[in-house]
Structure formats: structure tokens, C-alpha cells
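Heads up, the thing below is written out as C-alpha cells.
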Amino acid sequence: GGAYLPLDPAYPLERLSFAVRDAGAKVVLTQKRLRERWSSVSVLLLDGWHEEHPTPPPVESRAEDLAYVMYTSGSTGTPKGVQIEHRSIVRLVGDAAYVRLSPHTRMLHAAPLGFDASTLELWGPLLHGGRCVIHADPIPTGRGLASTIRAQGVTTAWLTAALFNAVVDDDPRHLAGLEQLLTGGEALSPSHIRRALAALPGTELINGYGPTECTTFTTTYSIPRDVPLDATSIPIGTPVPDTELYILDERRDPVPMGEIGELYVGGRGVARGYLKRPELDAEKFVTVDGSRVYRTGDLVRVRDGAVDFVGRADHQVKIRGFRIELGEIEAALARVDGITANAVLARDDGAGKRLVAYLVGKELAGHTLRDTLAATLPEFMIPSAFVWLPKLPVTANGKLDRAALPAPEGKRPDLAQPYRTPEGEPEATIARVFAEVLGLDRVGALDG
């Protein structure tokens, strides 16, 4: 009859203690080696649990009862607890037309417990008489996943887009044997999807989209095996059962079909709200057409009968008076031959806001990239700096860690205009001033 609060032992103790205090948890179920962390609350140990409690007490639960509270990062720096009810979990896996769940299902459990993908991984198989296969490695790798999939006969798995891309870059055949593979959490890379489909003829790939506040999945899309070569995105699909979608403009009026708007989600998957955060509830859980809905902050549009993810509403930036959607630049970079992954930030490292692109793949000269992007993007949307990385950093939940992307070095960019040494003191003085203001090691003189 109680609710559970997943805690990841790898998280800092201060963050875990905050969650326990904020949620008002009365009992922590843990292991002997971690017992001393929880001196301020009652502790139950996994060791000996059955001996101490041989017969569970009778429980009568209602659909509206709280099932779990899951803490996610907050824009103010304070984690926020998302309250999910029993009916929301049943809505996710009870009649899941988007994925096959049965007594024969063997689903991989590789996500951290504090990540809402674990809701699918745990309750998807267990509520259908299937098996939940726990992946032992705290940081999944392609070879480790392959070992677990083959040894345990795993049929179904969920991977974040970042982890999926990393496995495919290593060898997509690591995922051989899976009947269904769900991936998402961020926009999918069409090139990685194509490579996986070519290497995994017996595997169905499914794009899964949804915020924690809407219980793991809001929409899904079964990806066809013939993803076009010129595809720049993979749709997030259509709503899962008992889910309503609203695509609205800034006045919360419906946008015309095919136009971009913000996604609002209704239905039984919508959370009860945030724990002890009424001001945030009022901002994010609103009423549309008489229904209580969650405001996702995601920009989408409908194309060919499926919802297409465009980017975050807060992923828009304003530079030099121009409003820029960073997702559009990322899509343009994804089309460049040789680039396997990318992310774009608007950085202000003390010399004014500028666009910086982080790239993984075959390294290209900056002027070559600029010329390529200039064919489809206006000048103000072309990044001023390109940073090549062996891989993009990810969080513990497998999502892109934008905060970990490094500042570009203070070197003069590789511009189409070649560097020319300033001549004479006036030019040299002006060049030094501009270099200091721009945070660069040198600024050359202009011809003419």
C-alpha cells in the first residue's frame, strides 16, 4: 500500500538525502554495506527480508494511489519529485499495443532505477508473467549487452539514443537476438538507425518518446526498414493507449496541420504532479479543453500522420537579434557526410554569445563545414567554432550531458578568409583589442 522512491547508490549522498527528506520516506530498503548512510531513518536490509516478513500484509490498492516518486533534475538546481500513480503504470504496460509483452517476454533491465525507463523494464515483463533480466554492468557497453542478451535469451530491450548510437558505432551485431529494441530519450540519428536495421534483420526498432511526467512513453513509432537516405529525423509516432496529444501555439490554440507547436499531453499517464511544488504544478500541469494536461516544452509537428519532434522550446536562442532553433543546425550537421553525432550550444564564455558545434566522426576543416552548411543555413545560424570529440558526453541516464561539453580553445577559427599578419602599429593595436574582446589568441588584418 505504499509508494517506492528509487535511489541510485552512485548518486552523491547529499542528493540522495535530499530526496529521502523531501519525499518524507520512513523506511529505506538497502544492503548492509550501505546501511550507515541512513542513520536518520528506519532501515530494512535485503538480507533476511523474507525471514523477517514471511507473509505480506493484505493490501487493497486503488488506481489513484501513489505508486512511486521519481526525482528528476530541476532548472533551478533543486531536484523535483514526480508523483506517478498505479493507473499510469497500468496504462503504460497493461494494453501496450506498441510492444509485445507476454509470459515469453525476457526484458533487459539496464536503466538506472531513478530513470523512468525502469518503469517499462520492470513492470512490462512482470505484469505479464515474463522475466526481467538484470544487466549487471553499471555502465552498459556493447560487448556487455551482447553477453547478457545471448546468455539470458533477452527478447526486448530499451536503450537511450546515446547508448544505442555508441553500441552501433562499435558493432550493431552486439544487439543480435533481440526481437524488439526500443530507443529514444533524444532525437534519433537516421544513419545509426539504418546501420542497425541492416545488421539486425530480425529486430524491430521502435522510437519511444515521453517525459517522466507522462510515465515513460507518450508516443511510439515502429521504424520501417527502408529509412530514406535523405531522412533528417525519425518521427516519434503516434500516442500510446489512453493518451491525448495537443499541439498548441503560444496562446494555447491548436496549430494548423503540419505547423510547429508545443506538445501538451493528457490521459491516464499524466503524473499526479510534483511533490510539494505547487508553483511548478501550476506552470507545467494546465487545463486545455477542460482536461488536465502536461506542458512538455517540446516543439513538434504532424507529418504523414505521425508526430515529428522538432526540438525544445527552450532550445531556441537569440543571437544578434535572430531567434535560432539549435535543433535545425544539428539536423543540418547530421546530413554532412562523415559526421556521426553532433550537438550545438549557444555559449557565452565572456566574449559574447556564439554558436559552438560539437562533432564526432571524420574530422573536417572548419571552412569546409561552413561552406557545406551555408548551402542550407543562413549565415547567422552557422557555428563560429567546431569542437571535435571522440564521443559526446552522456549523463548517468544515458542522455547528452550538455553541461560537460568543453569550451572551445581560444584559437582563431579556421575561416574562409586566411590569416594575414597586421602591418604597422595601428593595425596591430586594433587586432590585439579584438583578440582580447573575442577571447582569441590572434586576430588578423583584413585585406583592403
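Here are the numbers for the structure shown:
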| item | result |
| --- | --- |
| Ordering of 262-275, 118-131 by packing [mean C-beta count within 10 Å, highest first] | 262-275, 118-131 |
| Candidate values (i) 24.6, 90; (ii) 30.4, 114; (iii) 21.3, 62, label of the one derived for Rg and Dmax of the Cα atoms in Å | (i) |
| Sequence of T183, T376 from largest to smallest accessible area, 1.4 Å probe | T376, T183 |
| D249 paired with D281, simple spin-label distance in nm, labels 7 Å along Cα-to-beta-carbon | 3.2 |
| Highest to lowest packing among 389-397, 324-332, scored as the average C-beta count within 10 Å | 324-332, 389-397 |
| Quarter of the Cα convex hull surface for region 117-185, i.e. its orientation-mean projected area (nm²) | 4.4 |
| Accessible area expressed per residue, the chain, with surrounding protein chains retained (probe 1.4 Å, Å²) | 52 |
| Estimated inter-spin distance, R150 and T78, nm [label 7 Å along Cα→Cβ] | 5.1 |
| Gain in span if fully extended, T55 to R335, counting 0.36 nm per residue against the direct Cα distance | 94.9 nm |
| Estimated inter-spin distance, V288 and T141, nm [label 7 Å along Cα→Cβ] | 4.4 |
| Listed residue pairs exceeding 28 Å between alpha carbons, taken from K32/K391; K276/K353; K26/K80; K26/K399; K284/K399 | K32/K391; K276/K353; K26/K399 |
| Rel. contact order, % - alpha carbon contacts under 8 angstrom, at least six apart, the chain | 10 |
| Distant-in-sequence amide H partners of G2 (H built 1.01 Å from N, under 5 Å) | none |
| Carbon and sulfur %, accessible surface of the chain computed with the full protein complex present, 1.4 Å | 53 |
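The values are calculated or read from the model by the stated rules, or taken from the named source; none is laboratory data. Everything numeric in this text was worked out from a predicted model, so none of it was measured. With ideal geometry, Cβ positions are generated from the backbone for all residues, glycine too; neighbour counts draw on all protein chains shown. Side chains are part of the model used for accessible areas, which takes the heavy atoms of the whole protein and leaves out ligands, DNA and RNA. Shrake-Rupley method; radii C 1.70, N 1.55, O 1.52, S 1.80 Å.
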